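Worksheet: the structure to be examined is printed underneath.
The values are calculated or read from the model by the stated rules, or taken from the named source; none is laboratory data. Everything quoted here is computed from the prediction, not taken from an experiment. When we count neighbours, we look across all protein chains shown, and the Cβ atoms used for this are built from the backbone with ideal geometry, even at glycine.
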Amino acid sequence: MTITSFNPPQRVLMGPGPSDVHPRVLSATARPTIGHLDPTFVGMMDEVKELLRYAFQTKNTLTMPVSGPGSAGMETCFVNLIEAGDTVVVCQNGVFGGRMKENVERIGATAIMVMDDWGSAIDLDKVRDALKSAGNVKALAFVHAETSTGVQSDAKGLCALAQEFGALSIVDAVTSLAGTPVMVDEWGADAVYSGTQKCLSCTPGISPLTLSDKAVEVVRNRKTKCPSWFMDLSLVMGYWENASGGARSYHHTAPVNALYALHESLVMLKAEGLENSWARHTKNHLALRAGLEAMGLGLMVNEADRLPQLNAVTLPEGIDEAAVRKSLLTNYDLEIGAGLGALAGKVWRIGLMGQSSDAAHVVLCLSALDGTLSAMNAPIKSGVAVAAAQKVLFG
Ligand SMILES: *Cc1c(COP(=O)(O)O)cnc(C)c1O
């Protein structure tokens with residue numbers, strides 16, 4: 001067999017990420033590779049940090065992209081802020097809170113779990129009780145936007161609770177950033193990480209991260225060395241920061257071209273404006289919802305806790321959900337997500353993230369679902385979804 005160039009099909013990405021990447025961002029990756037210590041590149045790094053401060057709504061000095069996917073951002077927070085023997089209160093209402101627990105335990109720290117149902121928001125009263133009875137808690141860790149269920153939790157209230165009990169807050173904003181308000185300074189959050197492939201609509205593989213000055217002090221005053229050499233922020237900062245105006249030093253080779261893409265996607269976000277991006281995500285969510293409901297399909301999550309960029313859709317009676325997804329992919333090049341973990345086989349996850357959050361995506365998804373489900377004789381009302389969405393979109 002001769003292996004030749006790989007040419008992927010052109011898909012429409014409406015799952016839990018990656019989302020569609022704009023041609024401007026894709027073409028940025030094809031620009032010439034230059035050295036990661038080239039002065040021109042260092043200038044671009046400073047712009048990326050400045051643009052990330054805008055995206056995160058923070059003045060934090062330590063705001064930078066971690067070289068790795070969202071999971072690397074998560075791990076960077078835990079290995080730097082938590083030491084063996086520490087106690088961390090971890091909230092879990094879906095898949096990603098469970099990964100936070102794994103991170104805490106692998107460090108040799110204790111995770112006190114606050115569990116909520118999959119599909120419910122984090123219950124602040126339970127968190128308060130856990131913080132109260134645990135005593136000396138190093139950090140409160142939670143997921144702002146649970147991509148496995150489409151639930152948004154009260155990040156502002158949770159960060160305030162952490163502060164009240166003298167704990168750091170560690171916030172997963174992978175799916176929330178740019179899709180729904182992430183207000184790092186207003187919340188007083190200490191460590192917040194995200195991902196490039198969700199509402200930033202950039203190529204996957206980079207994790208934006210921001211740490212408060214208080215969190216940076218905790219990193220500087222560790223009793224033990226960070227157990228990960230690669231993620232040790234006290235070393236990585238030597239490359240990403242030159243607060244004293246000194247030279248940047250080599251730590252690892254930055255993913256140069258992937259950072260061009262992040263820079264471009266952040267330039268596009270700045271040009272649109274965060275508020276406009278949030279409003280766009282809300283409007284397209286409402287249009288999708290109107291179409292789904294007209295068709296007779298429902299959303300799993302309570303209205304108040306719904307995430308506009310990730311819609312957990314309940315399945316019509318008696319249909320093979322995997323066959324529907326396969327048909328959408330084969331016939332329409334359209335990817336939607338399956339249920340994850342406890343929700344596997346119970347819901348579809350329709351993402352309206354970044355570039356995938358627009359009228360054309362909403363209408364394609366609704367009409368493709370209508371056609372596919374009708375062909376399978378599913379109990380839906382056919383021929384009404386697009387009109388219902390159109391009304392929300394254009395009046
Ligand atoms: C996608 C996601 C992650 C993991 O990001 P990767 O880039 O896949 O490593 C973490 N947390 C949440 C909430 C996510 O949606």
Kindly check whether there is at least one residue in the range 322-331 that is of a type outside the set (S, T, N, Q), buried (at least 16 other Cβ atoms within 10 Å of the Cβ) and over 18 Å from residue 19 (Cβ atoms).
-> yes
Taking the range 280-313, which residues are under 18 Å from residue 354 (Cβ atoms) and assigned to a helix (DSSP H, G or I)?
-> 280, 281, 282, 283, 284, 285, 286, 287, 288
Test: residue in the range 168-181 that is in a loop (DSSP other than H, G, I, E, B), surrounded by 24 or more Cβ atoms within 10 Å (Cβ to Cβ) and either touching a Pro at 6+ places or on another chain (Cβ under 6 Å) or of a type in the set (Asp, Glu) (or both) = no
When every residue in the range 220-245 that is within 16 Å of the ligand (Cβ to nearest atom) and touching a residue at least 24 places away in the same chain (Cβ under 8 Å) is compared, the one farthest from residue 174 (Cα to Cα) is 228
Taking the range 20-59 as the search range and keeping residues that are under 21 Å from the mean Cα position of the chain (by Cα) and outside any helix (DSSP H, G or I), which one is nearest to residue 353 (Cα to Cα)?
-> 20
Which ones in the range 134-155 are under 19 Å from residue 77 (Cβ atoms) and not in a loop (DSSP other than H, G, I, E, B)?
-> 139, 140, 141, 142, 143, 145, 146, 155
Is it the case that the range 94-105 has a residue that's farther than 25 Å from residue 224 by Cα and of a type in the set (S, T, N, Q)?
-> no
Output for Cβ contacts, cut-off 9 Å, separation at least six or different chains, first residue of a type in the set (Ser, Thr, Tyr) in the range 31-45, second surrounded by 12 or more Cβ atoms within 10 Å (Cβ to Cβ) and in a loop (DSSP other than H, G, I, E, B), reads 40/34
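Conditions (1) more than 11 Å from the ligand (Cβ to nearest atom); (2) among the small types (Gly, Ala, Ser); (3) assigned to a strand (DSSP E or B), marked per residue:
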residue	(1), (2), (3)
128	yes, no, no
132	yes, no, no
157	yes, yes, no
196	no, no, no
204	no, no, no
218	yes, no, no
Among the residues of the range 1-19, how many are touching a residue at least 60 places away in the same chain (Cβ under 8 Å), in a loop (DSSP other than H, G, I, E, B) and surrounded by fewer than 21 Cβ atoms within 10 Å (Cβ to Cβ)?
-> 3
In the range 60-79, is there at least one residue being away from the ligand (no atom under 16 Å from the Cβ), in a helix (DSSP H, G or I) and buried (at least 22 other Cβ atoms within 10 Å of the Cβ)?
-> no
Is there a residue in the range 33-42 that is polar (S, T, N, Q) and surrounded by 16 or more Cβ atoms within 10 Å (Cβ to Cβ)?
-> no
Taking the range 122-154 on its own, how many of its residues are buried (at least 21 other Cβ atoms within 10 Å of the Cβ) and closer than 15 Å to residue 94 by Cβ?
-> 14
Hits in the range 245-266 (condition: assigned to a loop (DSSP other than H, G, I, E, B) and small (Gly, Ala, Ser)) | 245, 246, 247, 249, 254
Per the filter on the range 6-39, residues touching a Lys or Arg at 6+ places or on another chain (Cβ under 7 Å) and either among the hydroxyl-bearing types (Ser, Thr, Tyr) or within 16 Å of the ligand (Cβ to nearest atom) (or both) are 15, 16, 17, 19
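Before we move on, is residue 338 over 19 Å from the mean Cα position of the chain (by Cα) and not assigned by TED's automatic domain parsing to the domain that holds residue 175?
No; evaluated as a whole, the condition is false for this residue.
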Read through the list (1) free of Cβ contacts under 8 Å to residues at least 60 places away in the same chain; (2) within 16 Å of the ligand (Cβ to nearest atom); (3) under 24 Å from residue 206 (Cα atoms), then give the number of the only condition that residue 82 fails.
-> (2)
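Looking only at the range 328-382, count how many residues are in a loop (DSSP other than H, G, I, E, B) and under 15 Å from residue 286 (Cα atoms). If you could, list the steps in order and put the result at the bottom.
Step one: list which residues in the range 328-382 are in a loop (DSSP other than H, G, I, E, B), which gives 333, 339-340, 344-346, 352-353, 357-358, 376-382.
Retained after the next criterion (residues that are under 15 Å from residue 286 (Cα atoms)): 352-353, 357-358.
Qualifying residue count for the region: 4.
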